[in-house]
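Read the structure below first, then the notes.
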Amino acid sequence: MPKFKQSYMKPTFKYDTSIFEGLTWKEPNSKGTDTYDITLEPKGFTCDCPGFTFRGRCKHTLIVNNRVKRAIDSEVPEYYTVYEDT
């Protein structure tokens, strides 16, 4: 039996009919040595990090939420190219 009840973080965008439902994103941990899985389920986001299990919210879910919200709002992300001197 699980120690904690499953928590969900409600997205800030309309997700009940979203094409993103059921998708899983991978976000690195703070040390960059591993990744956590963030999934958008019918009730909201879940993350398999310890912080989300304890609080029902974490920086990983906020990052993914903001990224998806920007995509839905048609905001194009900026990409920077690094040129090396040859």
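Side notes on the structure shown:
- For Phe4, the conditions (1) at pLDDT below 85; (2) under 13 Å from the mean Cα position of the chain (by Cα) all hold with the exception of (2).
- Phe13 open to solvent by less than 90 Å² (accessible area, probe 1.4 Å) and among the aromatic types (Phe, Trp, Tyr): yes
- Scanning the stretch 50-69 for residues that are within 17 Å of Ser7 (Cβ to Cβ), surrounded by fewer than 20 Cβ atoms within 10 Å (Cβ to Cβ) and not β-branched (Val, Ile, Thr) turns up Pro50, Gly51, Phe54, Arg55, Gly56, Arg57, Lys59, Leu62.
The values are calculated or read from the model by the stated rules, or taken from the named source; none is laboratory data. Computed from a prediction, not measured in an experiment: that's the story for all the values here. FYI the Cβ positions are ideal-geometry reconstructions off the backbone, even for glycines, and counts take in every protein chain you see. Just so you know, the surface numbers come from the protein's heavy atoms only, side chains and all, with ligands and any DNA or RNA stripped out. Shrake-Rupley method; radii C 1.70, N 1.55, O 1.52, S 1.80 Å.
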